[in-house]
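The values are calculated or read from the model by the stated rules, or taken from the named source; none is laboratory data. All figures in this text were calculated on a predicted structure; none of them were measured in a lab. Here the Cβ positions follow ideal geometry from the backbone for every residue, glycine too, while neighbour counts run over all protein chains shown. Note: accessible area is taken over every heavy atom of the protein model, side chains too, but ligands, DNA and RNA are not part of it. Shrake-Rupley method; radii C 1.70, N 1.55, O 1.52, S 1.80 Å.
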Amino acid sequence: MIAGKNPTPCSPACGGISTNPDLCSWAPNRDRMGRATRRRVLDRVFSSSQPNLCCSGPATAGGSGGVRLEQVTPHPPAPRRRRRRRRPTGNNMLGTSNTNLTSTSTVIYQLKILLKSGHNLAVRDRGGTSDPYVKFKIAGKEVFRSKTIHKNLNPVWNEETTLLIENIAEPLYVKVYDYDFGLQDDFMGSAYLDLSKLELKRLTDVTLNLKDPSYPTQALGSLFMTVILVSREIDLKNTNIRLLQAYKKDQLWKGIVGITLVKGQNLKSMDPNGLSDPYVKFKLGCQKYKSKTVLKSLNPEWREHFDFLLGDEKEEIVEITVWDKDSRKKDDFIGRCQINLSGLSREHTHKLELNLSEGNGRLVLLLTLTASPPVDIADTSVSKLEEEQQHKAIRRRYSLSKSFFNLRDIGFASVKIIRAEGLMVADVIGSSDPFCVIELNNDRLQTHTIHRSLNPIWNKVFTFNIKDIHSALELTVYDEDRDRTADFLGKVAIPLLSIQNGEERAYVLKNKNLTGPTKGVIYLEMEVIFNVIKASIRTITPKEEKYIEEEQRISKELLQKHYYRVKRCLLVIINTGRFLNSCFDWESPQRSLTAFLIFLVLVWNFELYMIPLIILLLMVYNYALLAMGKDNRTISMNLMEYEEDDGVKETERKGLIDKLYAIQDICVTVQNGLDEAASLYERVKNTFNWTVPFLSWLAVFVLTVGTLLIYFVPLRYVILIWGIHKFTKKLRNPYLIDNNELLDFLSRVHSDVQVVCSISIYLDYCFLSLTRIPNSALAVSCLRAAQYYCNMLYQSDAMWI
């Protein structure tokens, strides 16, 4: 009870005393209520699956600098009938309080709690002890959970937490449970704290006597803690209301720990075959994750991502253990390591290589600490900072004068995720809980969640160090689901070189493959500063490997798309060859004569520097076309879109059989193309392997003549003679069939399939010949074995004769 007040006795049904008669005003009518009615009232008040909740009781002065409150009775305040009110929007009030508020301000309460210890708690384990932990609830929502103290009836927690309170009329419910691994946790008692009785800005010592409503006379121990309630008036004109609401929704966590498990190196062998079947377990507080199992490997690659919610607890240690999977016995322990989050910077992706203790090897991880909404009420006010000095420092850092310092640090990217509009509905209530994940290569950051909104406002700024200017920012919007994997809402990929600095732009969200639009638009403001020389040097070095990529699956649409892409490229090559052949065939005398004269001039005056010069002139020509507005890139894109649209329309008209025939045609074309490519390689190989001796001798003769000719005659004259022969061949013999001598020669060489078939035919002939000779059983057996061997080679494609 509060000092200076006498306790008011409650009715016998209440079984206790209270400092406020209103808290038990419903007690005299309790006997008149039926059992079912009492149960409904208690369910509305307690809103929990466990019997719980004790009400405030007498308080005595105690402690220095504060007031001591003592709770002794097991009953909550009388349930109040709530009025339905409209949802606040714009500059309306965010909640109710004891203060009259104007339309431009509201009062938010901040409750700071120090959970000290427990005394004489209930026994719930067979050994005469318990493993207690404490939960805090407000309005039926869990807002805090303490760590577990094992085997102790007088636990000491000394844990601090800060809660944001919108309505102090809602009491703080406190429950204590006994932790049981693998089983349902045992209830150890509950109580509640009436926040409306706390004095503002004054430290108060609180003693909560735990009770069980099923056994109101049983003493279940006490909890000791210190609380202080602070109110603050927020100016709605200068406050990010969406951000404030998001924080009130997500009081359980203040950040996200994203861990990407990349690979393991030189792990300990645990199986008789000298290998292991490793998997990894992660633990942060009460959150646990388990990776997939990689079979038979000491250097496994997992490439999995896990997200942990970083709460207000003091525990900032991620425990990692590596195990070997065994199907018939207990899994073997390989090693362990830890990550101390307190020493890592936020909003930055860290690459960690952790050595395993109690074992061999190490793990390679990527870890990102992403801050959630503000951690204090004052942080919700938006104040525009002057960043000119920072921008000047960044520009100096990436100026041309520092081009050869730290070549891997190419530039700086700043991305402000402003808002999204018209997102897809992902929840059954007709809304979504969207958040954004932004990735640049292996750097991965995440915004906070905006609950129940299809038009969220984040106003979150992220910064990245650019390692490759040719990378693309990938921004994906998800719908948060606490009980399952987040739902995909949309994605957009933005190349860094296409970013317009300081310009707010709207991007249409697309599907996972970025091939078509989905619902919604996202607004971004970006800035990229980079060093041109460093970016140029980085261009001719290998690209950074991306550790997390979605598993590829077969798709009919993608197969058709890639088929048409290859077909279009081959058509360009074929059309170019036909154009050159038309010059040789003199189909257009003017064009052929011009090509012949250009050939003579180029060959007679050719120098090595002309090769890059010709390529340079081609690029300058295309750039001039772009400058004049003749963009040949647009033509190819339109052709692609036209073909895709036609394909969609045809697909809609076709039936199932027609679709199967279309896929069959594509597969036959791919099959024939692979056969032609493999046969060309095998024919060249068999020419050097003397598979057909006549053709090999012919190749030796031609190469000998060519060597002597090039040795004694300059190459320029040889090419001139070949060109004059090629251009005048059609003039000398108009009925001559155009051909390519090299391809005609290779077409006569057998491929491996043809070689095996010819050997099999020869063995069949020998077999038939030997069967006519008496006493040739041994020879027949040898021939049968050789024939069987050739058939096996033909079926398995291992045709190396």
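Probe radius 1.4 Å, ligands and nucleic acids left out: which of Arg145, Arg126, Arg553 has the largest accessible area, and how do the rest follow?
Working: Arg145 55, Arg126 250, Arg553 195 Å².
Largest accessible area first, the list is Arg126, Arg553, Arg145.
Quote to one decimal, in nm, the extra length available between Asp331 and Thr669 on full extension: 0.36 nm per residue of separation minus the C-alpha distance between them.
116.7 nm
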Item to complete: Give me the number: length gained by fully extending Ala219 to Leu660, i.e. 0.36 nm times residue separation minus the C-alpha to C-alpha distance, one decimal in nm.
Response: 151.2 nm
Worksheet item: Once the whole set of protein chains is in place, how much accessible area is left on Tyr564, using a 1.4 Å probe, in Å² to the nearest 10?
Response: 100 Å²
Practice prompt. Run the 1.4 Å probe and let me know the accessible area of Ser327, rounded to the nearest 10 Å².
Written response: 120 Å²
Discussion item. Could you tell me what a quarter of the Cα convex hull surface of the range 487-568 works out to, in nm² with one decimal place?
Written reply: 8.5 nm²
Item to complete: State the dimensionless ratio Rg/Rh of the range 252-371 (Rg: radius of gyration of Cα atoms; Rh: Kirkwood radius).
Response: 0.99
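Compare Lys201, Lys659 by solvent-accessible area with a 1.4 Å probe and give them largest first, with all protein chains kept in place. Spell out each step's value before the answer.
Working: Lys201 145, Lys659 70 Å².
Heavy-atom accessible area, descending, gives Lys201, Lys659.
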Discussion item. Once you place label points 7 Å from the Cα toward the Cβ at Asn273 and Glu557, how far apart are they in nm?
Written reply: 4.0 nm
Item to complete: State, to one decimal in nm, how far the label point of Ile533 lies from the label point of Ile573, with both points 7 Å from Cα in the Cβ direction.
Response: 4.0 nm
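Can you give me the relative contact order of the range 252-371 as a percent, contacts being Cα pairs under 8 Å and 6 or more apart?
Working: 298 pairs, mean separation 40.9, N = 120.
After rounding, I find 34 percent.
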Fill in: For the range 594-609, 3J(HN,Hα) per residue [Karplus equation, 6.51 cos²θ - 1.76 cosθ + 1.60, θ = phi - 60°, Hz, x = Gly/Pro]
5, 5, 5, 5, 4, 4, 5, 5, 5, 5, 5, 10, 5, 10, 5, 5
Worksheet, complete the sentence: In units of 2.2 N^0.38 Å, the Cα radius of gyration of the range 108-242 is 1.15
Worksheet item: How much FRET efficiency would the formula 1/(1 + (r/R0)^6) give for Leu742 and Trp690, where r is the Cβ-Cβ distance and R0 is 22 Å, rounded to 0.05?
Response: 0.70
Discussion item. With the alpha-carbon atoms as the only input, what is the per residue convex hull volume for the range 401-539 in Å³?
Written reply: 110 Å³
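Residues of the range 267-338: accessible area per residue at 1.4 Å, in Å²? Walk me through the intermediate numbers first.
Working: 4020 Å² over 72 residues.
Accessible area per residue: 56 Å².
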Practice prompt. Could you go through the range 467-479 in sequence order and give the Karplus-derived ³J(HN,Hα) for each residue, using 6.51 cos²θ - 1.76 cosθ + 1.60 with θ = phi - 60°, rounded to whole Hz, and x for Gly and Pro?
Written response: 9, 8, 5, 8, 6, 10, 6, 10, 10, 10, 9, 10, 9
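Going by accessible area, probe 1.4 Å, with all protein chains left in place, what is the ranking of Ser555, Ser291, largest first?
Details: Ser555 35, Ser291 10 Å².
So the residues, ranked largest to smallest area, are Ser555, Ser291.
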Worksheet item: If you plug each phi of the range 316-331 into the Karplus form 6.51 cos²θ - 1.76 cosθ + 1.60 with θ = phi - 60°, what whole-Hz ³J(HN,Hα) values come out, in order, with x for Gly and Pro?
Response: 10, 10, 9, 8, 10, 10, 10, 10, 9, 6, 10, 7, 10, 8, 5, 4
